[in-house]
Amino acid sequence: MAFLPLLVYILICLITALYGMDRKLGFLGSLVLSLLISPLLVLVILILSGPKRPKEEELTE
């Protein structure tokens, strides 16, 4: 039963990382930061940060 809080924490970190996919940090950066710091704090950072800039290839299409 001691592993249940850990699984919930990792699940919250994964949800935060999914939100970060469209942000400058990206999925992996959001996941690592949320595991090291706090998913709630990283979520606030993601909300305040801007979305990814489109690549030049996407702009020309």
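Dipole size in debye (nearest 20) for the chain around its Cα centre, Lys and Arg Cβ +1, Asp and Glu Cβ -1?
Dipole about the Cα centre, nearest 20: 240 debye.
Angle between the Cα long axis of helix 39-48 and the longest principal axis of the chain, 0 to 90 degrees, nearest 10?
Once rounded, one gets 20 degrees.
Report, by chain and number, residues whose modeled amide H sits under 5 Å from the one on R23, excluding near sequence neighbours (fewer than 5 apart, same chain).
For R23, the qualifying residues are K52.
Along each of the three principal axes of the Cα atoms of the chain, give the extent in whole Å, ordering the values from largest to smallest.
Principal-axis extents of the chain (Cα, largest first): 54, 19, 13 Å.
Just to be sure I understand the model, the point goes 7 Å from the Cα along the line to the Cβ. What's the resulting V44 to K24 distance in nm?
The answer from the label model is 1.8 nm.
Throughout, read-outs are computed from the coordinates displayed, never taken from laboratory work. Note that this is a predicted model, so its numbers are computed, not measured. Neighbour counts are summed over all protein chains in view; Cβ atoms, including those assigned to glycine, are modelled from backbone coordinates with ideal geometry.
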